[in-house]
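K.L.:
Here it is: the structure, laid out below.
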Amino acid sequence: MAFELPKLPYDYNALEPYMDTKTMEVHHDKHHAGYTSKLNAALENNPEFFKKSIVEILSDLNALPEAIRTAVRNNGGGYYHHNIWWEQFGPGKGGKPTGVLADAINKKFGSFEEFQAEFKKAALGVFGSGWAWLVKDKNGDLSLVGTPNQDSPATLGLEPILGIDVWEHSYYLKYQNRRDEYIDNFWQVIDWEVVSSRF
Ligand code: MN3
C-alpha cells in the first residue's frame, strides 16, 4: 500500500487573502504530490516499509537501507510535514488556543503573544529552506525547533504540534522576500482545535 496524497480539506482559495490560490495549487498538487510519489518510488523495492506509518519510518531512519535513506528522509519528511500543514488551517479560523494547550503555552512562554514572537524568531532564523515547529517532547513539554530542508521533528523524537513551512515555495508568489509578513499572516488561518488535538 503506497502512501497517498491527502485531498486538500478545503478549496484552493479558502485561505485567501493570507495564502493565495495559486500558491495553494502549486504547493499541494505539485510539491506535496511530488514528495508523495518520490517517497513511494524510494520504497518501491523495500515494500515492507509500506506497512509502517510515516512517523514510524521517520522515527527510525537507520532501519532503512542506506541507498534509500536520504530519499526517504527528504521525501518522507516532505510527505509527512505537508499532511500536517493542510490539516492545521481553515477558512475563517485564527484567534488563540484555549484549554490545556493555551495553559501549556502560557506556562512555557509567558503569554500567547510572547509565544508568537518566539515562534516568529524561530521561523525567521531558519536559513534557506526548512520549517519551524512547536513540538512536544516525551515528557509532554513544549519547545520550539527549526529543522532544515524536510528533516523531521519525528526523527528527533519530537511530536509536531504546529509547523510553519518556510520553503520559498510556500510564500514566494505572494510575499516574495517578505517572510516576516507571511509569518504574521499565518496566524489568521490556524485552526486551533486541530492544533490543540495534537497536544
Ligand atoms: Mn512546502
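K.L.:
State whether one or more residues within the stretch 100-109 are more than 16 Å from the ligand (Cβ to nearest atom) and within 16 Å of the chain's Cα centre (by Cα). Break it down into steps so the answer makes sense when it comes.
P.N.:
Initially, the stretch 100-109 is screened for residues more than 16 Å from the ligand (Cβ to nearest atom), giving 100-109.
The next check asks that each one be within 16 Å of the chain's Cα centre (by Cα); those that pass are none.
Within the stretch 100-109 (the criterion being more than 16 Å from the ligand (Cβ to nearest atom) and within 16 Å of the chain's Cα centre (by Cα)), the answer is no, since none of the residues qualifies.
K.L.:
Would you please list the contacts, defined by Cβ atoms under 8 Å and residues six or more apart or on different chains, that run from a residue in the stretch 83-103 that is touching a residue at least 40 places away in the same chain (Cβ under 8 Å) to a residue that is of a type in the set (F, W, Y) and part of a loop (DSSP other than H, G, I, E, B)?
P.N.:
Listed by first residue and then by second, the contacts come to F89/Y10; G90/Y10; P91/Y10; V100/F199; L101/F199.
K.L.:
Which condition from (1) within 14 Å of G76 (Cα to Cα); (2) within 16 Å of the chain's Cα centre (by Cα); (3) free of Cβ contacts under 8 Å to residues at least 40 places away in the same chain is the one that M24 breaks?
P.N.:
Among (1) within 14 Å of G76 (Cα to Cα); (2) within 16 Å of the chain's Cα centre (by Cα); (3) free of Cβ contacts under 8 Å to residues at least 40 places away in the same chain, the lone unmet condition for M24 is (1).
K.L.:
Also, quick follow-up: Return the pair list, or none, for Cβ contacts closer than 7 Å from residues in the stretch 30-43 that are away from the ligand (no atom under 16 Å from the Cβ) to residues that are among the small types (G, A, S), at least 6 apart or on different chains.
P.N.:
N40/A2; A42/A71
Okay, residues lined up against (1) assigned to a loop (DSSP other than H, G, I, E, B); (2) closer than 23 Å to H27 by Cα:
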residue	(1), (2)
G140	yes, no
Q150	yes, yes
A154	no, yes
L162	no, yes
Y182	no, yes
Q188	no, yes
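K.L.:
Out of N45, N83, I need the residue that is in a helix (DSSP H, G or I) and modelled with pLDDT of 95 or more. Which one?
P.N.:
Unique residue meeting the criteria: N83.
K.L.:
Restricting attention to the stretch 113-128, does a residue exist that is in a helix (DSSP H, G or I) and at positive phi? Working first, answer last.
P.N.:
First pass over the stretch 113-128, keeping only residues in a helix (DSSP H, G or I): 113-124.
Now restrict to residues that are at positive phi: none.
Looking for residues that are in a helix (DSSP H, G or I) and at positive phi, one finds none in the stretch 113-128, hence no.
K.L.:
Okay, next question. Quick check on the stretch 66-81. Is at least one of its residues in contact with a Pro (Cβ under 8 Å, 6 or more places away or on another chain) and not assigned by TED's automatic domain parsing to the domain that holds G163? I'd like the intermediate steps shown before the answer.
P.N.:
First, pick out the residues of the stretch 66-81 that are in contact with a Pro (Cβ under 8 Å, 6 or more places away or on another chain): 81.
Those left that are additionally not assigned by TED's automatic domain parsing to the domain that holds G163: 81.
Looking through the stretch 66-81, at least one residue is in contact with a Pro (Cβ under 8 Å, 6 or more places away or on another chain) and not assigned by TED's automatic domain parsing to the domain that holds G163.
K.L.:
If you scan the stretch 105-124, which residues turn out to be under 28 Å from W167 (Cα atoms), of a type outside the set (V, I, T), out of contact with any Gly (no Cβ under 7 Å at 6 or more places or on another chain) and surrounded by 14 or more Cβ atoms within 10 Å (Cβ to Cβ)?
P.N.:
Within the stretch 105-124, K108, F109, F112, F115, Q116, E118, F119, K120, A123, L124 meet the criteria.
K.L.:
I've got another one for you. What residue, of V166, V195, V145, is surrounded by 20 or more Cβ atoms within 10 Å (Cβ to Cβ) and more than 16 Å from the ligand (Cβ to nearest atom)? Step through it out loud before you land on a result.
P.N.:
Working: V166 fails: more than 16 Å from the ligand (Cβ to nearest atom); V145 fails: surrounded by 20 or more Cβ atoms within 10 Å (Cβ to Cβ).
Matching residue, one of V166, V195, V145: V195.
K.L.:
Tell me which of these Y80 doesn't satisfy, since it passes every other one: (1) surrounded by fewer than 18 Cβ atoms within 10 Å (Cβ to Cβ); (2) within 16 Å of the ligand (Cβ to nearest atom).
P.N.:
Result: Y80 passes all but (1).
K.L.:
Considering only the stretch 1-55, how many residues are polar (S, T, N, Q), in contact with a Leu (Cβ under 9 Å, 6 or more places away or on another chain) and under 30 Å from Q176 (Cα atoms)?
P.N.:
Let us first name the residues in the stretch 1-55 that are polar (S, T, N, Q), namely 13, 21, 23, 36-37, 40, 45-46, 53.
So of that shortlist, the ones also in contact with a Leu (Cβ under 9 Å, 6 or more places away or on another chain) come out as 21, 23, 36-37, 46.
Still in the running and under 30 Å from Q176 (Cα atoms): 21, 23, 36-37.
Qualifying residue count for the region: 4.
The values are calculated or read from the model by the stated rules, or taken from the named source; none is laboratory data. Note that the structure is a prediction, hence the values are computed from the model and not measured. Note that each Cβ is placed from the backbone with ideal geometry, even for glycine, and that neighbours are counted across all protein chains shown.
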